[in-house]
Amino acid sequence: MSSNNSSAQAYWKENLRIIMTYLAIWFVVSYGCGILFVDALDQIQFFGFPLGFWFAQQGSIYVFLGLIWAYVFSMNKLDEKYDVHE
Amino acid sequence: MSLDLLTYLFIGGSFALYIGIAIWARAGSTKEFYVAGGGVPPVANGMATAADWMSAASFISLAGIVSFIGRDGTAYLMGWTGGYVLLAMLLAPYLRKFGKFTVPDFIGDRYYSNTARTIAVICTIVISFTYVAGQMRGVGIVFSRYLHVEIEMGVVIGMAIVFFYAVLGGMKGITYTQVAQYCVLILAFMVPAIFLSMQVTGHFLPQTGLGATLESGKSVLTTLNELSVELGFAEYTAGKKTTIDIFFLTAALMCGTAGLPHVIVRFFTVPRVKDARISAGWALLFIAILYTTVPAVAGFGRVNLIQTINGPDNAGTEYAEMPSWFKNWENSGLIAWADKNGDGKVKYEAGAAFDGKPAFGEGRVNGDESMQRITTNASDSVNEVYVDRDIMVLANPEIAQLPDWVIALVAAGAVAAALSTAAGLLLVISTSISHDLMKKTINPNITDKQELMYARLAAIVAILIAGYFGINPPGFVAQVVALAFGLAASSVFPAIILGIFSTRMNTQGAVAGMLVGLVSTMAYIIYFKFMGGSSDQWFLGISPEGFGTVGMILNLIVATVISRVTPPPPEEIQHIVEDIRIPRGAGAAQSH
């Protein structure tokens, strides 16, 4: 039981680390590029868009999508590693 | 074929399809009624979630909002998509593993408390009713404009359809109908968007079209900025709201999205924990197709609108020469013109053309059918034209002179968006009443069959109430929507997160946190939205719509502090929390 328990805890710790990494990216892209630094980024042109405006109204959504799928694949691997998949 | 006939054909055809699916997917047990038996494939669930989520607000209103407020619309675009990242990583997999039917189920069991359960039930019902009222209004607008029936009749038709598949089919019927509705609504949104993009910029993809350079040698956005400034508006790509307000509003919408009961419950319908994550990925993909197109539709629509009304030289257009859509929407009361300078030309500029919504008098000016409708409350502003934001998407194909079948398709898409969301919400309301209140709180001894009967009865009552709101829309729909997101962000969302990520969180902490979050957010919104508080009194400059974030932070702080000074939860609860963190053994959703 105890080895089971420590393996469950290790699994949870790795899960938290993955979540923290992805949510850090999520925060930087949406709140950083799209809101806090949007005016500075707007000085740069990107395919006809001011870059900050592009991040705010399109780019951030693509990144969100990428993050969820990256999480899906990371967790599938982690579930296999700790043998907790179904 | 005439436009009317085409519209009847498109809407009638889509209704026949939904009813057919409902009959094919009838629910026989409570499990099928509540969570579709827990056997929905992730792709189908992703599509159903997308249709459930994208309401009349996303389909009809969002592009209109972005079109009129430019960069400030960012909060809605990011807020209503970024929440899915939170859902996928922080909520969906663990709630699926927990394996019950509803959000109050989780909160009641995790916090071993019927008080906590009851607070969650109240939040769920308030949030869902708020939303339903908006959907029914959307159906009413479409019916009154395109089918020339009275709004009341339109709402009744919509109610009858939802009644049919929500009451008969439960979650199972709703899920597969929503898959069909997603296909209709995304087609209806993308086809005119692609047409517009091709017409204005020659780009097939609206996403890149918005960045394109026009024949004039300037980009679409530069043109928009120049037009806006010339007419006295702020630059389109510059924001007017403060950074802190946008920040808090975006956070409230993201956390509110992740805490909406009708979205969360969709993740109970898949077979495995893994599938809950995957369906969040599919859901956001299907949602992103529409959401990344919205800024383009908003931008093109605004250029077209200004150029059509003000003419190529920006001096205004004779009323007699205005295209027919202008007069049609005038008939629906969503466009109004007051000839303030008496030159007979319609001219659109910055400023509110009327004091509040336009008020119409009897008939038309001079009793002449070729003149504009009489209005009685023109303002002092030089702007002569009122354009309701909600018509942007619906009127776009007409403004751009697209073929009639595109216009009919858009009407069918708007109805699909409104009905799919309404059905999902009605199901959540009926489940809350039959399962969380009747079965779990009032009378645990009722049988599966009786519970199912209560669920169907509750669905009928909910549809009637929603219909009443659709026919007599409360004047404060926009205000109560802020309330729905604020409530979800400040009460449901933190309670679930703490329940999963903190084994130490107990009843006292969770209940105190939810109450503080709820009361502070509601008080703030009610004070500023209903009791006439002015914006210079805003706390740190945060608008009532964004205050849910502050409520959420207060909730988290209060819950953590209180739980530390009260006894830890019982051992078996701590085991439950450890158990939901491990995917294996999710099995099917259980009622016990």
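The values are calculated or read from the model by the stated rules, or taken from the named source; none is laboratory data. Just so you know, these numbers come straight off a predicted model, no measurement behind them. In this analysis, Cβ positions are derived from the backbone assuming ideal geometry, glycine residues included, and neighbour counts consider all displayed protein chains. Ligands, DNA and RNA are excluded from the accessible area calculation, which covers all protein heavy atoms including side chains. Shrake-Rupley method; radii C 1.70, N 1.55, O 1.52, S 1.80 Å.
Restricting to Cα pairs below 8 Å that are 6+ residues apart, what does the relative contact order work out to for chain B? Please round to a whole percent.
Over chain B, the number comes to 29 percent.
Could you compute Rg(Cα) / (2.2 N^0.38 Å) for the protein assembly as shown, with N its residue count?
Ratio of Cα Rg to 2.2 N^0.38 Å: 0.96.
What distance in nm lies between label points placed 7 Å from Cα along the C-beta direction at B:ALA234 and B:ILE446?
Spacing of the two 7 Å Cα→Cβ label points: 5.0 nm.
Along segment B:450-462, what does the Karplus equation 6.51 cos²θ - 1.76 cosθ + 1.60 (θ = phi - 60°) give for ³J(HN,Hα), rounded to whole Hz, x for Gly and Pro?
5, 4, 4, 5, 4, 4, 5, 4, 4, 5, 4, 4, 4
Tell me, in nm to one decimal, what length is gained between B:GLN307 and B:TRP24 on full extension, where the rule is 0.36 nm per residue of separation less the Cα-Cα distance?
Full-extension gain reported as 97.0 nm.
Let me check something: with ligands and nucleic acids excluded, how do B:LEU515, B:LEU540, B:LEU285, B:LEU402 order by accessible area (1.4 Å probe), largest to smallest?
The most accessible residue leads, giving B:LEU540, B:LEU515, B:LEU285, B:LEU402.
Using the Cα centre as the reference, give the magnitude of the dipole from point charges on the C-beta atoms of segment B:303-396 (Lys, Arg: +1; Asp, Glu: -1; all else neutral), rounded to the nearest 20 debye.
Charge dipole of segment B:303-396: 180 debye, to the nearest 20.
Please label the shape of segment B:303-396 as rounded, prolate or oblate, based on the square roots a ≥ b ≥ c of the eigenvalues of the alpha-carbon gyration tensor (a/c under 1.5 means rounded; beyond that, a/b larger than b/c means prolate, else oblate).
Here segment B:303-396 falls in the rounded category.
Express in Å², to the nearest 10, the accessible area of B:GLU318 obtained by rolling a 1.4 Å probe over the protein heavy atoms while all chains stay in place.
80 Å²
Given an 8 Å cut-off on Cα distances and at least 6 residues of separation, report the relative contact order of segment A:2-81 as a percent.
29 percent
Please arrange B:VAL461, A:VAL38 by accessible surface area, largest first, computed with a 1.4 Å probe and ligands excluded.
From most accessible down to least: B:VAL461, A:VAL38.
Cα centroid distance between segment B:423-472 and segment B:116-195, in Å?
Here the two parts' Cα centres lie 17 Å apart.
Longer than 24 Å from Cα to Cα, which of B:LYS241/B:LYS340; B:LYS347/B:LYS529; A:LYS13/A:LYS77; B:LYS327/B:LYS347 are they? Say none if no pair is.
Exceeds cut-off: B:LYS241/B:LYS340; B:LYS347/B:LYS529.
Could you tell me how far the Cα centroid of segment B:39-95 sits from the Cα centroid of segment B:346-385, in Å?
Each part's Cα centre sits 36 Å from the other's.
Quantify how strongly other chains surround peptide B:290-303 by giving the mean number of their Cβ atoms within 10 Å of each of its Cβ atoms.
2
Quick one: order B:HIS575, B:HIS203 from most to least accessible surface, probe 1.4 Å.
Reading off the accessible areas and sorting them downward yields B:HIS575, B:HIS203.
For B:THR376 and B:ILE465 in one chain, what is 0.36 nm times their gap in residues minus the Cα-Cα distance, to one decimal in nm?
Stretched out fully, the B:THR376 to B:ILE465 stretch lengthens by 28.7 nm.
Summing -39500 (n - 2.57) over the DSSP H runs of n ≥ 4 in chain B and dividing by its residue number, what mean residue ellipticity at 222 nm do you reach, to the nearest 500 deg cm²/dmol?
Counting only the DSSP helices, I get -20000 deg cm²/dmol.
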